[in-house]
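Asker: Got a structure for you, written out below as structure tokens; questions coming shortly.
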Amino acid sequence: MIQPVVLIHYHELGLKGKNRRDFERQLIRNIQKTLAQSGLEGHVNRTSGRILVAVSTFEAALSAADALVQLPGVARVSCGERLPKDMAAINESALRALQRAEPFTSFKVDARRANTQFPLDSMAINREVGSYLSARLPHKNVQMRAPDAKARVEIIKNDAFVYASSRQGIGGLPVGCSGHLICLLSSGLDSPVAAWQMMRRGAQVTGLHFSGAPETADHSSALVREIARRLAPTGGPGRLFFVRFGGYQRAIALTVPESLRVVFYRRLMLATAEALAAREHARALVTGESLGQVASQTLDNIVATDAAVSLPVFRPLIGTDKQAIIKQAQALGTFALSTQPVDDCCTLFMPRNPETHANLAEVERIWSEMPIDAWIREILAELRSETL
């Protein structure tokens, strides 16, 4: 029986030793969830260092591959056929695989025999399948280095797998295996990329957005929702929280020296995120900051900001330049959304000359005189949440 399949290849999970099975189970759960959300049906199971998705048609395999190739933990997705360990059937399947790979002018056969009880070794399989294909594809050239197409044959346990359609995934670890984080998610370029970086490392991310409302229109929240939807194929964020932050910014602007406003905005944001993390059982915070990119992101200001919280604050983009961030945002499909002009809390009550080397002792003294705990209680009480 010939069965259309999707083979999920993973690399980093294979290094996890005794924990490997737990990571594989999480990836299988994520694959099943992604297929269900995409309206696709397929039986998912693990086989010899691969995850196999059995589907009804080759077209269904291609659709499943489109959905799964963006999933963290997936290194490569291949669409092909599972069939009996019979060389005649393997030869015919390899021909079908190459015909689906048109157009191409050169090809090679790449065989791997994991089951040593199969009578032919990898080189013998290459020769036999290559000879069969050459006779039936007389206008195609066999080319060992950098061919246009590869017919891959894998002999695993009791089955043979044949495919030529293969796409690179994003790698990393399955979302859900590295804990829960709260990400300060804006409608700008940086924080969506930072959230994606942490999801790629297996973290479950919840987004926390601070809008300039009621001092500005709340357009940024709509953009953040759409950004989160663009990130959904990679595993989240599955939940968003929204803070109307403009009133607190106004209160800070009337209280602290003008040059320190941004530091205090950031401290209150982190303190709010930490309080939410305690409520949502998250273990760390994430921001999209890059060292020296803007005035608030100098080393002294980062130190003064982080002192407001006890949880770790992850900054996956800290050493990344703007061009690299833009390139990744374009790849994720968030660039066009993040570059739309919008009034938000980042442009509200900004100082003319922001401090770039905040004095931590001075910041802490002023902070201690402000009603921070009361503000955070108010913010948490008024939080709006959405599950995507």
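The values are calculated or read from the model by the stated rules, or taken from the named source; none is laboratory data. As the structure is a computational prediction, the values presented were derived from the model and not from experiment. Positions of Cβ are generated from backbone atoms using ideal geometry, with glycine treated the same way; all protein chains shown enter the neighbour counts.
Asker: Restricting to region 341-364, give me the number of residues that are of a type outside the set (G, A, S), surrounded by 12 or more Cβ atoms within 10 Å (Cβ to Cβ) and not in a helix (DSSP H, G or I).
Answerer: 11
Asker: Restricting the search to region 32-73, which residues are under 18 Å from I170 (Cβ atoms) and either in a loop (DSSP other than H, G, I, E, B) or among the charged types (D, E, K, R) (or both)? First the steps, then the outcome.
Answerer: We begin by selecting, within region 32-73, every residue under 18 Å from I170 (Cβ atoms); these are 33-35, 37-38, 50-51, 53, 64-73.
Across region 32-73, the qualifying residues are K33, S38, R50, D66, V69, Q70, L71, P72, G73.
Asker: Can you say whether V263 is hydrophobic (A, V, I, L, M, F, W, C), in the same structural domain as L189 (by TED's automatic domain parsing) and crowded, with 21+ Cβ neighbours inside 10 Å, as far as the supplied structure shows? Give the steps one after another, and end with the answer.
Answerer: Details: hydrophobic (A, V, I, L, M, F, W, C): yes; in the same structural domain as L189 (by TED's automatic domain parsing): yes; crowded, with 21+ Cβ neighbours inside 10 Å: yes.
Yes, satisfied.
Asker: Quick check on my filter: what residues within region 336-388 are among the β-branched types (V, I, T), closer than 30 Å to L231 by Cα and at pLDDT 85 or above? So that I can check it myself, show each step before the final result.
Answerer: Residues of region 336-388 among the β-branched types (V, I, T): 339, 342, 347, 356, 363, 366, 372, 376, 379, 387.
Narrowing further to those that are closer than 30 Å to L231 by Cα: 339, 342, 347, 376, 379, 387.
Listed by number, the residues that qualify are T339, I376, I379, T387.
Asker: Is at least one residue of region 71-84 surrounded by fewer than 20 Cβ atoms within 10 Å (Cβ to Cβ) and more than 35 Å from the chain's Cα centre (by Cα)? Outline the logic, then answer.
Answerer: Filtering region 71-84 for residues surrounded by fewer than 20 Cβ atoms within 10 Å (Cβ to Cβ) gives 75-76, 83-84.
With the extra rule that they be more than 35 Å from the chain's Cα centre (by Cα), the set shrinks to 84.
Checking region 71-84: at least one residue is surrounded by fewer than 20 Cβ atoms within 10 Å (Cβ to Cβ) and more than 35 Å from the chain's Cα centre (by Cα).
Asker: Check whether at least one residue in region 318-328 is surrounded by 22 or more Cβ atoms within 10 Å (Cβ to Cβ), on the phi < 0 side of the Ramachandran plot and of a type outside the set (V, I, T), and report yes or no.
Answerer: The initial filter retains those residues of region 318-328 that are surrounded by 22 or more Cβ atoms within 10 Å (Cβ to Cβ), namely 325.
Restricting the remaining residues to those that are on the phi < 0 side of the Ramachandran plot gives 325.
From what's left, of a type outside the set (V, I, T): none.
No, the conditions are met nowhere in region 318-328.
Asker: Exactly one of these conditions fails for A88: (1) farther than 19 Å from R167 by Cα; (2) buried (at least 17 other Cβ atoms within 10 Å of the Cβ); (3) without any contact (Cβ under 8 Å) to a residue 60 or more places away in the chain. Give me its number.
Answerer: Every listed condition holds for A88 apart from (2).
Asker: To continue, here is another question. Search region 293-314 for residues that are closer than 17 Å to A194 by Cα and pair each with any residue that is surrounded by fewer than 21 Cβ atoms within 10 Å (Cβ to Cβ) and of a type outside the set (A, V, I, L, M, F, W, C) when their beta-carbon atoms are under 6 Å apart and the residues are at least 6 apart or on different chains.
Answerer: Short answer, once both residue conditions are applied: V313/D306.
Asker: Can you find a residue in region 11-18 that is of a type in the set (K, R), in a loop (DSSP other than H, G, I, E, B) and within 21 Å of the chain's Cα centre (by Cα)?
Answerer: Checking region 11-18: at least one residue is of a type in the set (K, R), in a loop (DSSP other than H, G, I, E, B) and within 21 Å of the chain's Cα centre (by Cα).
Asker: Restricting region 365-388 to residues that are touching a residue at least 60 places away in the same chain (Cβ under 8 Å) and assigned to a helix (DSSP H, G or I), which is surrounded by the most Cβ atoms within 10 Å (Cβ to Cβ)?
Answerer: Pass one, region 365-388, residues touching a residue at least 60 places away in the same chain (Cβ under 8 Å): 366-367, 370, 372, 375-376, 379-380, 382-388.
Filter again for assigned to a helix (DSSP H, G or I), leaving 366-367, 372, 375-376, 379-380, 382.
Values: I366: 15, W367: 19, I372: 17, W375: 17, I376: 17, I379: 22, L380: 15, E382: 10.
Here the residue is I379.
Asker: May I ask you to list pairs of residues, at least six apart or on different chains, whose Cβ atoms are under 7 Å apart, with the first in region 123-134 being at pLDDT 95 or above and the second being assigned to a helix (DSSP H, G or I)?
Answerer: Between residues of region 123-134 that are at pLDDT 95 or above and residues that are assigned to a helix (DSSP H, G or I), the close pairs are E128/M87; V129/I90; V129/N91; V129/A94; Y132/N91; L133/A94; L133/L95; L133/L98.
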